[in-house]
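Every number here is computed from the coordinates shown, using simple stated rules; none is lab data. Computed from a predicted model, the values in this text were never measured in an experiment.
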Amino acid sequence: MACMGKIKSDPNPSSENHSYQVEVFAEKHGLSLKAAKVILSSNGPSRTMCDAAAKAFVAAVAARGREQESTRA
């Protein structure tokens, strides 16, 4: 099913456009299931786009944590 102009998920599991399973994606990137669902629904079905979004999210969370630690000192 295509949403808002996005391409359909390809049923071939080796395809770039085959959607990740939420649990697999969350484990791969160290995300909560909720964060994984949001990233996948916003960036899927492209695995490349989802992986890039997950890396950016993890980096942003880490940067925010460092920023909060420096303001406490």
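Worth a mention:
- Tail weight of P(r) past 15 Å, computed on alpha-carbon pairs of region 22-72, percent: 45 percent
- Cross-link partners of K34 among aspartates and glutamates, defined as those whose alpha carbon lies under 19 angstrom from its own and excluding same-chain residues fewer than eight positions apart: E23, D51.
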